[in-house]
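Notes follow the structure.
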Amino acid sequence: MNLTLFNSTRSCCQNMLIDVGRSKIIKQLALLLVISAVISLQVVRSDAGSPSAGGFQPQEFVGNPTCSEFFNNEDLRELKVEPVYDGIYGDGELSVTLDVQQGAKTFSWDQGDSSVIMLGVFVKGGPGGNLYSYDGSFTTSDANLHAPERASDKYYGLSHVSFCYIPGKPELKVTLMCNGGELVAGGNAIKYEYSLKVENTGSLALFDIVAKNVTAGDEFLEDTLAVGASKTFYDDFITTINGISGTAEATAAVEGGGSIVANDIKDFDCPVETFPGKLKVTKDCSTVVVQNGYGDYGLQVNYGGDVCNDSSVLIKDVIVEETHDNMTEVIHTVDALAPGACEDFSGSYVPMPGLDELPEGGVSGSLVRAFVDTVKASGDTFFGEYVESMEADASCKLCPDCPDCPQP
């Protein structure tokens with residue numbers, strides 16, 4: 001019986017020791033898993049990091065992709081630099097200069113005069129790399145490029161750099177020739193005809209060509225232009241500016257639906273045209289007897305006439321001036337007078353005798369001089385040229401000639 005109790009007690013103690021051992025092992029395994037996870041995160045976790053000096057934000061890719069995995073172009077080329085040190089690297093098409101900052105793990109690049117289109121640069125470092133995409137930006141150099149960022153806010157080392165490019169240099173030239181202008185109906189605007197020419201002056205075929213007369217808001221499209229080929233578009237536009245200056249531009253890609261890789265911008269001047277204005281005035285008058293301010297008989301000269309625009313250009317701010325007895329005053333104004341239009345004017349005044357014209361005893365009415373009125377008109381054409389009419393006058397006698405009247 002004592003032996004049975006002893007065996008039972010020993011079995012119980014052994015089970016307790018086994019449980020304690022298992023518990024320690026589980027805790028140790030759990031701790032190891034946590035530590036492994038932390039270490040794994042520290043090793044694997046990364047971010048693309050800050051943009052380049054040119055403002056291009058990198059995009060991080062895992063693994064070791066090539067240029068063909070980023071860009072789809074049948075003429076695509078890849079220049080791979082490994083290891084990454086200062087120097088000039090090339091493959092016959094592209095010659096690129098690298099300036100590496102070893103401590104900062106960054107570098108700059110410059111393709112110089114290489115006739116290529118730089119699509120992007122892939123910077124390998126750590127478990128992945130950063131792609132700097134320059135597609136459509138016309139970039140030929142950049143600085144402060146780096147591999148992805150580690151958890152410690154430091155960049156991975158530079159493993160290799162791949163330059164993704166298209167050989168050849170896309171270039172185009174745009175020229176706008178503005179021909180002589182003509183007045184539109186109404187005389188307040190000019191219609192200019194123009195030709196807009198786009199030339200492929202580079203070494204690659206161009207696609208999706210867009211040519212614009214930016215000033216007129218006109219746009220023209222052409223599917224493709226072979227090397228050395230050109231296309232001329234013809235159109236016209238209306239403007240209120242005589243001798244207007246403007247801008248023309250053109251853009252193109254090197255594949256259908258691709259990014260813009262070539263552009264040109266040029267200024268142009270349209271000729272200043274001369275559109276002379278012409279004003280004409282007419283005038284007549286009559287003399288009547290009226291009651292003056294004293295209630296007595298008095299004389300009054302009534303006059304009238306019209307001012308006409310005898311030109312093809314609008315004339316604005318027209319004034320009509322009347323002169324009599326050595327006095328001049330504005331008697332009529334017109335805001336705007338269209339080509340061929342006329343406007344009437346009229347007025348009256350009390351004539352004054354000249355010096356020694358009337359002796360103390362008076363004279364016969366037939367001997368009184370004629371009253372002469374003079375008018376002229378002036379203004380500015382719509383385009384700012386000064387216009388002045390010839391003078392017109394009218395002569396009014398106190399007593400009109402009357403051959404059939406009885407003689408005194």
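Could you please report the charge total around GLY277, scoring K, R as +1 and D, E as -1 over all other residues with beta-carbon less than 12 angstrom from its beta-carbon?
On the way: positive: LYS278, LYS280, LYS316; negative: ASP310, ASP317, ASP380, GLU385, GLU388.
Value of the local net charge: -2.
In whole percent, what relative contact order does region 59-167 give with Cα contacts below 8 Å and a gap of six or more residues?
Relative CO of region 59-167 lands at 34 percent.
Give the calculated FRET efficiency between TYR85 and ALA205 to the nearest 0.05, with a Förster radius of 51 Å applied to their Cβ-Cβ distance.
Efficiency, rounded to the nearest 0.05: 0.85.
Roughly how many nanometres apart are two label points built 7 Å out from the Cα toward the Cβ at LEU221 and ASN302?
Label-label distance for LEU221 and ASN302, simple model: 7.0 nm.
Near ILE315, within a Cβ-to-Cβ distance under 9 Å, what is the net charge of the other residues, with Lys and Arg +1 and Asp and Glu -1?
Value of the local net charge: 0.
When the Cα centres of region 255-279 and region 170-207 are compared, how far apart do they sit, in Å?
Going from one Cα centre to the other spans 5 Å.
So if we plug the beta-carbon distance of ASP113 and ASP317 into 1/(1 + (r/R0)^6) with R0 = 60 Å, what FRET efficiency do we get, rounded to 0.05? All intermediate terms of the calculation are to be shown ahead of the outcome.
On the way: r = 59 Å, r/R0 = 0.98.
Here the calculated transfer efficiency is 0.55.
Hey, fewest Cβ within 10 Å first, where do TYR234, TYR192 land in order?
Ascending Cβ contact count within 10 Å gives the list TYR234, TYR192.
Give the lysines reachable from LYS397 as a straight Cα distance under 29 Å; neighbours fewer than 8 places away on the same chain don't count.
List returned: LYS280, LYS283, LYS376.
Summing Lys, Arg as +1 and Asp, Glu as -1, what charge do residues with Cβ under 11 Å from the Cβ of GLY157 carry, GLY157 excluded?
+4
Check the straight Cα-Cα distances from LYS231 and name the aspartates and glutamates below 14 Å, setting aside those fewer than 8 residues away within the same chain.
In chain and number order, the partners are GLU199, ASP208, GLU219, GLU222, ASP223, GLU249.
Which FRET efficiency value, to the nearest 0.05, do you get for VAL214 and SER141 by plugging their Cβ-Cβ distance into 1/(1 + (r/R0)^6) with R0 = 30 Å?
Given R0 = 30 Å and the Cβ-Cβ separation, E is 0.55.
Stretch VAL272-ASP325 to full length: gain in nm at 0.36 nm per residue minus the Cα-Cα span?
14.8 nm
On full extension of the chain, what length is gained from THR247 through TYR386, given 0.36 nm per residue of separation minus the C-alpha to C-alpha distance?
On the way: separation 139, 0.36 × 139 = 50.04 nm, distance 3.01 nm.
Separation in residues times 0.36 nm, less the Cα-Cα distance, equals 47.0 nm.
Only the coordinates and a few stated rules stand behind these numbers; no lab work does. What you are looking at is a predicted structure, and each value in this text was computed from that prediction instead of being measured. Glycine gets a Cβ as well: all are built from the backbone with ideal geometry, and neighbour counts include every protein chain shown.
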